[in-house]
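K.L.:
Below are the structure tokens for one structure; questions will follow.
Every number in this text was worked out from the coordinates using simple rules, so none of it is lab data. Treat the numbers as computed from the prediction; the structure is a model and nothing was measured. Glycine gets a Cβ as well: all are built from the backbone with ideal geometry, and neighbour counts include every protein chain shown.
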Amino acid sequence: MPVGLQTEPSLGVPGKKRWAMVVDLRRCIGCMACVCADKAEYDVPLGVWRTTVKVKDTGHYPNTKRHFMPRLCNHCDNPPCVRNCPTQATYKHEDGFVLQRYERCISCRTCIAACPYNARHVLPKNRDRVKIGGVVDKCTFCNHRVEKGLAPACVQTCLGRSRIFGDLNDPNSEVSRLVARHKTVVLKPDKGTRPQVYYIKPDRAQTEQVFSAPQSYAARSDAQAFYQRNRGSKFFSGVL
Amino acid sequence: MFEYMDYNIAPWGHEIVIYFFLIGAAGMTFVYAAAPVVFGNVFGGAAKSMEPFQRVGLIASLVLLAICGPLLIVDLGQPARFLYPILYFHWTSPLSWGSLFLPLFGLCIVGFYYGSIKDNQGLMRWTGILGSLLALSMPLYTGLDLMVNQTRELWSNPTIPLLFVILSMSSGTAVVAVIQLLRGQLDQRAAEFLHAFLYLSLAVTFALFLAEWVVLNYGTGEKQQAWEIINQQFAFKYWGMTFLIGILAPLVLVAIPKLGRDPKILTLAAVLSAVGAYSFREVLIYAGQLTQINF
Ligand code: SF4
Ligand code: SF4
């Protein structure tokens, strides 16, 4: 039973599916094939992403390491984006997908503010091929593929088999077995969102917000450019 | 390139900041205009000093509403769908409630104005009371809009809606003081009345500013991160525009017994407090969004 304003849960509810992803970071080689597959699947415009692979350098020469961390919508079991949307344009499917009704979204960006994982973006208004624009979009866990028995595009293309997808309510699924046997973490569990992307062996520098600030020179200049470009008044006007 | 996820640029920009400011000012301007009818003889009839402001105050709040309503609509990615929050009402979203209350507030202003033309005391009383409640709900819902984001710790704080109501008291007082001063109608009684409200709102703002300081410095990692961002990127707006110009200076002015009640000084203090009310909101709205962009 949901408590208070929580969304109706799917995790552990008999008769329901709870689609989830496990990302085994020991296997990720940072090839970005998943990012490309996703761009191709949805014709994701330049400048926005449904999924990324976060790159993080730690340490100082010669003791350095480069970490990769695929990021996407966590399809939270208790998603704050859904609770705060004024039009119910974003909603939670009973099998756990958090989806968008594009024809209803007013692009007020409340859901972007509500999401603690930066998983949402605004689509530009004028697009060449896909005509959906001027609304908020996000990863859908490829529900159109999953409902036909296919794996999400990023999972299918992942050459390290780092991304694994399945039904967490099914004890025999690969994701259930991985979550049962390995030490997994979810991002920001303290926010009460019950995220459903489980990471095997992430680095602390990737999971802790305060410590995840960029350290490498390239990342620092990236960050500076980001701040300079996106201060105050240009925030939204530049997006649409 | 991928270390910063570029698409998650803070989604609420200056349009929202201006809207939050103007809607608060519009609400409080209406409360002042309706005060003689709503409060009548309460507090020794002090609210009666606002009688000369009634009609012009109604027009002022309507004008403010006419600016910020369309501004909010234009800010949407899909302006034509501006009625959807009412049509597809979602009761857990403060934005839905705000979208419902906003036109009702506009209707109350028009109803009150109509009542004042027809000298219909009953209509004025009802639209005055209902309109004042709706007027208060405007800054309240804008604050709630931020507060309900439990994952943004600078916002997820029960003082934010209260702070926004108090800030709108300052900006509303500034609107009244400037208009009445320009019309040459800011007499001693009116100045006394406005002085009491400005003093109260500034004192509470000062207390909430300090509370914010404590909460951010004694808070979690994200709160400390927010404090760092405020001090690095918004230092001038936060300490200069908000604290020194917007809170401390006007508070000193209104606290000096004789000086504070002088109509011109009072108006100056009210305008300064409105500057603070704007920049306080601006810093909170922007900084609250920035804490997560490097996550
Ligand atoms: S990750 Fe963000 S967008 Fe996805 S369900 Fe959770 S809160 Fe919503
Ligand atoms: S931008 Fe669209 S999906 Fe997001 S909260 Fe607004 S209406 Fe809902």
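K.L.:
Need one word for segment A:49-91: rounded, prolate or oblate. Basis is the Cα gyration tensor (sqrt eigenvalues a ≥ b ≥ c); a/c below 1.5 gives rounded, then a/b vs b/c decides.
P.N.:
Verdict is prolate for segment A:49-91.
K.L.:
Sticking with this structure for a sec: How many partner chain Cβ atoms sit within 10 Å of a residue's Cβ in peptide B:145-153, on average, as a whole number?
P.N.:
6
K.L.:
For segment A:8-70, what is one quarter of the convex hull surface built on the Cα atoms, given in nm²?
P.N.:
Here the figure is 7.4 nm², rounded to one decimal.
K.L.:
Then there is this: Cα atoms only, the protein assembly as shown: Rg and Dmax in Å?
P.N.:
For the protein assembly as shown, the Cα-based Rg and Dmax read 25.8, 84 Å.
K.L.:
So what is the 222 nm mean residue ellipticity for the protein assembly as shown from helices alone, if each DSSP H run of at least 4 adds -39500 (n - 2.57) and you divide by all residues, rounding to the nearest 500 deg cm²/dmol?
P.N.:
-16000 deg cm²/dmol
K.L.:
Of the DSSP beta bridges with both residues in chain A, give the percent that are antiparallel, rounding to the nearest 5.
P.N.:
Bridges in chain A that DSSP calls antiparallel: roughly 85 percent.
K.L.:
At q = 0.07, 0.13, 0.16, 0.17 Å⁻¹, what is the log10 ratio I(q)/I(0) for segment B:14-290, with the Debye formula run over Cα points and no solvent?
P.N.:
-0.25, -0.86, -1.24, -1.35
K.L.:
Which lysines, if any, have their Cα less than 29 Å from the Cα of A:Lys56, not counting same-chain residues under 8 positions apart?
P.N.:
The qualifying lysines are A:Lys39, A:Lys65, A:Lys138, A:Lys183, A:Lys188, A:Lys191, A:Lys201, A:Lys234, B:Lys223.
K.L.:
Can you quote the Å³ per residue value for the convex hull of the Cα atoms in segment A:64-177, rounded to an integer?
P.N.:
Dividing the Cα hull volume of segment A:64-177 by its residue count gives 162 Å³.
K.L.:
Another question, if that's okay. If a/c stays under 1.5 just call it rounded; otherwise compare a/b with b/c (prolate if a/b is bigger, oblate if not). Do that for segment A:138-210, with a ≥ b ≥ c from the square roots of the Cα gyration tensor eigenvalues.
P.N.:
It comes out prolate by the Cα gyration axes.
K.L.:
Quick check on the exposure proxy: order A:Asp128, A:Asp167 from fewest to most C-beta atoms within 10 angstrom.
P.N.:
Listed from fewest to most nearby Cβ atoms, that is A:Asp128, A:Asp167.
K.L.:
Simple spin-label model, 7 Å along Cα-to-Cβ: B:Trp239 to B:Lys264 in nm?
P.N.:
3.3
K.L.:
Something else now. Which distance in Å, rounded to a whole number, links the C-alpha centroids of segment B:111-184 and segment A:146-191?
P.N.:
49
K.L.:
Between segment A:71-140 and segment B:255-274, what is the C-alpha centre distance in whole Å?
P.N.:
47
K.L.:
Using all C-alpha to C-alpha distances in segment B:209-272, build P(r) with 5 Å bins and read off the rounded percent in each one.
P.N.:
4, 18, 19, 17, 13, 11, 9, 6, 2, 0
K.L.:
Once Rh is set to the Kirkwood radius over Cα pairs, what Stokes-Einstein translational diffusion coefficient, in µm²/s, holds for segment A:19-225 at a temperature of 20 °C and a viscosity of 1.002 mPa s?
P.N.:
Taking Rh from Cα pairs, D becomes 120 µm²/s.
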